[in-house]
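As structure tokens, the structure follows; a few thoughts come after it.
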Amino acid sequence: MRLVFSMGAALAVALCGVQASAQTIGCTTGGVGGAFPTSGTGNGTFQTVLPSFPFSSVLNVASLPPGATVVTEVKLNTMNHTYAGDTHFVLTAPSGQMINLFCRQGGGNDWGGSYVINSVEQALALPAGTPVPSSTFSQNFGTWTSTNFGIDNVALSAVAAQTGNWTLTIYDWAGGDVGTLTDWDICFGTPPPVPPPSAAPALTAPAANANVTGLFVNLSWGAVLGATSYEVDVDGTVYATAGTAFQFQSTAGLHNWTARGVNSSGAGPWAVSRAFTDTGLTAPTLSAPAANAVVFGPVVPLSWTAVTGASSYDVDVDGIVYNTTSTSYAYNSAAGVHNWTVRAKWVNNTIVGPYATARSYTDLGAAPSPCNGTVLAAGPFVGGNGLGTNSCVYFDLNVTNPAGINVSQFLTNATATAGVAFTLEVFTCPTTYVGNELNSAVWTLVSTGGGVGAGTGQQSLAEVPDFFLAQGAHGMALRIIGAGHTYTNGNGGNQFFSNSDLSITLGASQATMFVSTPFTPRVWNGSIVYNCNSTPPVLSYCTAGTTTNGCTADISASNQPSVTQANPCTISVADVEGQKSGLIFYSVSGQLIQAWNASSFLCVKAPTQRSNTQVSGGTVGQCNGTLSLDWNAFQNANPTALGNPFSAGNKVQVQAWFRDPPAGKATNLSNAIELTYVP
């Protein structure tokens, strides 16, 4: 190894072999070369796993040229390698700093000459050709993430000149190609003058002619060699920014933009401009509760995703708007079905965006409390085994009471943290669960409710809308969401429990309902609470349409229907357009929220049963019309009507339809109610 000083341009050429930049004072030569990779061909996973056999050579710098303060060049003498784009050159200083010299550039061209790498801000591009001709070019960091594996994307001119051992490492990131280096040198001097950037940046986002949503559009581009900042031109207005991204406050319509690099010496060329179309302001994405979720009040946390640059949000619940600067809102809820949505506001709330697609949730009221019913316990809450959220437990329930039972609640050993709500879904199948754990077609979801965790090993109370089980054998499955099941392994002596009304035989468990392999025997730790002395309330849900004259028809029921017709059940619809024909119709298939016209929704699933047509009465153009239906009389007169004969626990969804010629479909709809048959 030897130290070579530059005594002028001619002497520099004579001593160093390749012309150095004007700032180089001297070089230390003689770094030992060799094959790269050192064994086989390249490998590794770029940015993730380093190649196994990198070339590494140490060059000792015993002294520095007088006046030298930084590294100016690294010389690669007589180097060859097929496919230059596989190779990655890294310099390590005596201080331990690792400097990215040249990362995976040159594509399929071959190395085949002697090369000088100078500092990045000199912005000399790698010449084209294969083999790449002997030349001087500047550092190129490629797509390497700075500091990954300790390798910094730092200019040579920012690396201090130091004595000691300098190390050149060459990585080969792909198989199939090999190469050799004869020797290498390192040069020191003073920082070079910085020319303006010579290249235009590559615009990255938005894509050319893309459609985007405002209010703020993120513009980005690739870094330019030698640039210390950038200018962005949007529709002829120029903005300065330090990095390779700029947040543009946009307006709806077509916009043209470009960018260029800038440093202390001036500005580089503009990139080829792109256009994007701002399609308008964006809406948040609703997060929780999930669509059609079941929750407990009185406070329901509503949440949504942040919208870039928003100064606040409007939260609309059932038509009442609340404002918050957060991405969540604690809503004081009431039992029933609620519809909610959110929109963003910008620039001190002066610009308003669109509302998100609305969601609904059902508030079951306050967290459940034990009802005054009969309890059958399925063994002690001893745990010992369990599964996570979305898991289920299976057991068979044989109802021996000829009148059947009305199930209201479950006590279960849930993994939910004390005070945290969870959802419980109840499925039944005919006769037995055994052999049906993977057969979803035989199962029916009969009730969805939830509870509040009491902690593992404790009895967490879950309230579900009442459902009826007739005398006979039933397969049962309980799926828990938001918590896991804790249960006990069966041993033959802990799998059967009974009382005068029913017996329970346990059981199995499954991590993913109807999909994963069931575990058996498994004993659910829980109790069934049935025949409570209470009648569930009539549930009102969905949104009534607003008619031509501003009427919003409201449907209600005087009582829950009774299997034995122990009480009257009258369906009434108020605030109907006067003197319009209409009818009341129902379903037994479940709730629905589907647009009917511009303001109303179809709220019951097909198939449906219609009652007789009637006239609303009242005054034309006024909202004093009414519709009504004697439910018991209609069922008695129509024994083959949909759902008839009914059983305790059966649910019925009811809605009203009436004429409104100027409206969409020339009709409008009321809101809806859900009835639950009681004994």
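Taken over the stretch 285-312, the criterion of being over 25 Å from Gly336 (Cα atoms) and under 17 Å from the mean Cα position of the chain (by Cα) is satisfied by Thr305, Ala306, Val307, Thr308. Return a yes/no flag: does the stretch 429-440 have any residue that is assigned to a strand (DSSP E or B) and hydrophobic (A, V, I, L, M, F, W, C). Checking the stretch 429-440: at least one residue is assigned to a strand (DSSP E or B) and hydrophobic (A, V, I, L, M, F, W, C). Out of contact with any strand residue (DSSP E or B) (no Cβ under 7 Å at 6 or more places or on another chain), in a strand (DSSP E or B), closer than 27 Å to Gln594 by Cβ and not assigned by TED's automatic domain parsing to the domain that holds Gln471 - does that describe any residue in the stretch 314-331? Yes, there is a match, as at least one residue in the stretch 314-331 is out of contact with any strand residue (DSSP E or B) (no Cβ under 7 Å at 6 or more places or on another chain), in a strand (DSSP E or B), closer than 27 Å to Gln594 by Cβ and not assigned by TED's automatic domain parsing to the domain that holds Gln471. Would you point out the residue of the stretch 609-645, among those that are under 17 Å from Ile555 (Cα atoms) and of a type in the set (Ser, Thr, Tyr), that is surrounded by the fewest Cβ atoms within 10 Å (Cβ to Cβ)? The residue in question is Thr613.
All of (1) surrounded by fewer than 21 Cβ atoms within 10 Å (Cβ to Cβ); (2) closer than 25 Å to Ile405 by Cβ hold for Thr456 with one exception: (2). Report, by residue number, each residue of the stretch 161-195 that is touching a helix residue (DSSP H, G or I) at 6+ places or on another chain (Cβ under 9 Å) and among the acidic types (Asp, Glu). Across the stretch 161-195, the qualifying residues are Asp172, Asp177, Asp185. Scanning the stretch 67-104 for residues that are hydrophobic (A, V, I, L, M, F, W, C) and over 17 Å from Thr169 (Cβ atoms) yields Ala68, Val70. Entry remark, the stretch 442-458: residues being closer than 19 Å to Leu387 by Cβ and over 27 Å from the mean Cα position of the chain (by Cα) number 6 in total. Here Thr228, Thr190, Thr282 are screened, and the one residue that is hydroxyl-bearing (Ser, Thr, Tyr) and either free of Cβ contacts under 8 Å to residues at least 60 places away in the same chain or loosely packed, with under 15 Cβ neighbours inside 10 Å (or both) is Thr228. Of the residues screened, Ala158 is one that is out of contact with any helix residue (DSSP H, G or I) (no Cβ under 7 Å at 6 or more places or on another chain), in the same structural domain as Gly96 (by TED's automatic domain parsing) and surrounded by fewer than 18 Cβ atoms within 10 Å (Cβ to Cβ). Across the stretch 593-631, the number of residues qualifying as of a type outside the set (Val, Ile, Thr), over 23 Å from Ser562 (Cα atoms), assigned to a strand (DSSP E or B) and free of Cβ contacts under 8 Å to residues at least 40 places away in the same chain comes to 3.
Within the stretch 460-477, how many residues turn out to be farther than 14 Å from Ser408 by Cβ and crowded, with 18+ Cβ neighbours inside 10 Å? So the answer is 5.
Just so you know, in the stretch 523-543 the residues that are in a strand (DSSP E or B) and closer than 24 Å to Gly472 by Cβ include one that is farthest from the chain's Cα centre (by Cα), and it is Tyr530. Is it true that some residue in the stretch 652-673 is assigned to a loop (DSSP other than H, G, I, E, B), within 21 Å of Ser581 (Cα to Cα), in contact with a helix residue (DSSP H, G or I) (Cβ under 9 Å, 6 or more places away or on another chain) and outside the structural domain of Val407 (by TED's automatic domain parsing)? Taking every residue of the stretch 652-673 in turn, at least one turns out to be assigned to a loop (DSSP other than H, G, I, E, B), within 21 Å of Ser581 (Cα to Cα), in contact with a helix residue (DSSP H, G or I) (Cβ under 9 Å, 6 or more places away or on another chain) and outside the structural domain of Val407 (by TED's automatic domain parsing). A single entry from Thr548, Thr520 fulfils the requirement of being surrounded by fewer than 24 Cβ atoms within 10 Å (Cβ to Cβ) and farther than 30 Å from Ile405 by Cα: Thr548. In the stretch 515-536, is there at least one residue being at pLDDT below 90 and in contact with an Asp or Glu (Cβ under 7 Å, 6 or more places away or on another chain)? Within the stretch 515-536 (the criterion being at pLDDT below 90 and in contact with an Asp or Glu (Cβ under 7 Å, 6 or more places away or on another chain)), the answer is yes, since at least one residue qualifies. For the stretch 364-389, the set of residues classified as surrounded by fewer than 19 Cβ atoms within 10 Å (Cβ to Cβ) and assigned to a loop (DSSP other than H, G, I, E, B) consists of Ala367, Ser369, Pro370, Cys371, Asn372, Gly373, Pro380, Val382, Gly383, Gly384, Gly388, Thr389, listed by residue number. Checked against the criterion of being closer than 30 Å to Val61 by Cβ and touching a strand residue (DSSP E or B) at 6+ places or on another chain (Cβ under 6 Å), the candidates Val194, Val217 yield just one match: Val194. If you go through the stretch 646-679 and keep only what is of a type in the set (Gly, Ala, Ser), closer than 24 Å to Pro561 by Cα and under 37 Å from the mean Cα position of the chain (by Cα), you end up with Ser670, Ala672. Scanning the stretch 57-86 for residues that are under 30 Å from Thr41 (Cβ atoms) and buried (at least 19 other Cβ atoms within 10 Å of the Cβ) returns Leu59, Glu73, Val74, Lys75, Leu76, Asn77, Met79, His81, Tyr83, Ala84, Asp86. If the condition is being touching a His at 6+ places or on another chain (Cβ under 8 Å) and either in contact (Cβ under 8 Å) with a residue 24 or more places away in the chain or in a strand (DSSP E or B) (or both), then the stretch 231-247 contributes only Val234. Among the candidates Val399, Val407, Val393, the residue that is of a type in the set (A, V, I, L, M, F, W, C) and closer than 21 Å to Asp363 by Cα is uniquely Val407.
The values are calculated or read from the model by the stated rules, or taken from the named source; none is laboratory data. For clarity, every value in this text was computed on a predicted model and none was experimentally measured. Note that we place each Cβ from the backbone using ideal geometry, even for glycine, and neighbour counts take in every protein chain shown.
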